[in-house]
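Take a look at the structure set out below.
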Amino acid sequence: MAGALVLAILFVLTVEQFAGHSTIAFGIAIVGLVLANARMLRMNCPVCGKNLFFRGLMVVPWPNRTCGKCGSQLDNPQNR
C-alpha cells in the first residue's frame, strides 16, 4: 500500500516535471491507487460482513483481530 502511494506520487511529479501541471496524471494516479487497494475492500468479517480495515471513518493498513461490530475473533486461520 505504501509502495503504491510512493509510485503514484513519483508518477505525478515526473509528469509535472516534463509536461507541466497535469490533471490527467493525477487522475491516473488515483485510479492506480484504487486498483492497488481493491484487495483490501474484499477482506470482511465472515459473520457480519464488516470490513476489517475500517476503524469508524478511518482506514488503517492492518486488519482487526477482533471484529468491531460483532466481536468475532478473526485471528484464527479458518476465519481468514
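The values are calculated or read from the model by the stated rules, or taken from the named source; none is laboratory data. Just so we're clear, the structure is a prediction, and the values are computed from it rather than from any experiment. Don't worry about glycine lacking a Cβ; one is built from the backbone with ideal geometry, like all the others, and counts go over all protein chains shown.
Odds and ends about this structure:
- Of the residues examined, ASN64 is not one that is modelled with pLDDT of 85 or more, in contact with a helix residue (DSSP H, G or I) (Cβ under 9 Å, 6 or more places away or on another chain), outside the structural domain of GLU16 (by TED's automatic domain parsing) and not charged (D, E, K, R).
- Residue in region 41-54 that is hydrophobic (A, V, I, L, M, F, W, C) and at pLDDT below 85 present: yes
- Output for region 54-71, where each listed residue is surrounded by 12 or more Cβ atoms within 10 Å (Cβ to Cβ) and on the phi > 0 side of the Ramachandran plot: none
- Among the residues making up region 3-31, those that are farther than 29 Å from LEU74 by Cα and in contact (Cβ under 8 Å) with a residue 24 or more places away in the chain are LEU7, ALA8.
- Among the residues listed as LEU74, LEU7, the single one being touching a Lys or Arg at 6+ places or on another chain (Cβ under 7 Å), of a type in the set (A, V, I, L, M) and on the phi < 0 side of the Ramachandran plot: LEU74
- Those residues of region 1-53 which are touching a Ser or Thr at 6+ places or on another chain (Cβ under 8 Å), exposed (fewer than 14 other Cβ atoms within 10 Å of the Cβ) and outside any loop (DSSP other than H, G, I, E, B), in sequence order: GLU16
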